[in-house]
Amino acid sequence: MAWIILIVAGLFETVWAVSMKYSDGFSRLWPSVITAVAMVISLYLLAIALRSLPLGTAYTVWTGIGALGTVIYGIAVFGESKDLLKMVFVMMILGGIVGLKIVSDKESAGSKTDQGKTVRTEAETGNYPPGHP
């Protein structure tokens, strides 16, 4: 379920990036409102997904989905370039997202602490690493 929430969060990141373009530097009301609302929803869903997904993986996938969606929208709607090299790099982003999902699934399956046990966060246990504020 966390992966679905993360994907939706990434899609909302695309929404706020695109609506920011339409806001014309936050000078147009409704695109600016849509940007702000989509940002809040995107960050909230990311926070929910982070309850059970590793931070580095979740954040990378979230930004990757947002970047991928924004590039696709820019090509489809704004007529941005779609030269071969650009498409190669977009596919590399997609490959990275899929790869992180696969690696994350393998790590979860092999972890004894995740199998059938409740995993507590540092905030819940108070066991912060040394030097934590």
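On the given criteria, is Gly95 part of a helix (DSSP H, G or I), in contact with a Gly (Cβ under 8 Å, 6 or more places away or on another chain) and among the small types (Gly, Ala, Ser)?
The answer is no for Gly95.
Please go through the stretch 61-86 and give me each residue that is not basic (Lys, Arg) and not in a helix (DSSP H, G or I), ordered by number.
Within the stretch 61-86, Gly79, Glu80, Ser81, Asp83 meet the criteria.
Take the conditions under 21 Å from Trp3 (Cβ atoms) and under 18 Å from the mean Cα position of the chain (by Cα) and apply them to Ala36. Does it pass?
Spelling it out, it is not the case that Ala36 is under 21 Å from Trp3 (Cβ atoms) and under 18 Å from the mean Cα position of the chain (by Cα).
Between Thr60, Thr14, which is closer than 23 Å to Val90 by Cα and surrounded by fewer than 17 Cβ atoms within 10 Å (Cβ to Cβ)?
Being closer than 23 Å to Val90 by Cα and surrounded by fewer than 17 Cβ atoms within 10 Å (Cβ to Cβ) holds for just one of Thr60, Thr14, which is Thr60.
Scan the stretch 1-37 residue by residue and report those that are among the β-branched types (Val, Ile, Thr) and under 21 Å from Val71 (Cβ atoms).
Across the stretch 1-37, the qualifying residues are Ile7, Val8, Thr14, Val15, Val18, Ile34, Thr35.
For the stretch 92-107, what are the residues that are among the hydrophobic types (A, V, I, L, M, F, W, C) and closer than 16 Å to Ala2 by Cα?
Ile97, Val98, Leu100, Ile102, Val103
Here is a yes/no grid of residues against (1) touching a Cys at 6+ places or on another chain (Cβ under 9 Å); (2) more than 24 Å from Asp105 (Cα to Cα); (3) polar (S, T, N, Q):
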| site | (1), (2), (3) |
| --- | --- |
| Ala2 | no, no, no |
| Ile7 | no, no, no |
| Phe12 | no, no, no |
| Val15 | no, yes, no |
| Lys21 | no, yes, no |
| Ser27 | no, yes, yes |
| Ala36 | no, yes, no |
| Ile41 | no, yes, no |
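Is it true that some residue in the stretch 80-92 is touching a Gly at 6+ places or on another chain (Cβ under 9 Å), surrounded by 16 or more Cβ atoms within 10 Å (Cβ to Cβ), closer than 26 Å to Asp105 by Cα and not acidic (Asp, Glu)?
Among the residues of the stretch 80-92, not one is touching a Gly at 6+ places or on another chain (Cβ under 9 Å), surrounded by 16 or more Cβ atoms within 10 Å (Cβ to Cβ), closer than 26 Å to Asp105 by Cα and not acidic (Asp, Glu), which makes the answer no.
For the stretch 9-26, what are the residues that are over 15 Å from Val40 (Cβ atoms), more than 17 Å from the chain's Cα centre (by Cα) and in a helix (DSSP H, G or I)?
Across the stretch 9-26, the qualifying residues are Lys21, Tyr22.
Every number in this text was worked out from the coordinates using simple rules, so none of it is lab data. Owing to the predicted nature of the structure, the values given are computational and were not obtained by experimental measurement. We place every Cβ from the backbone using ideal geometry, glycine too, and count neighbours over all the protein chains shown.
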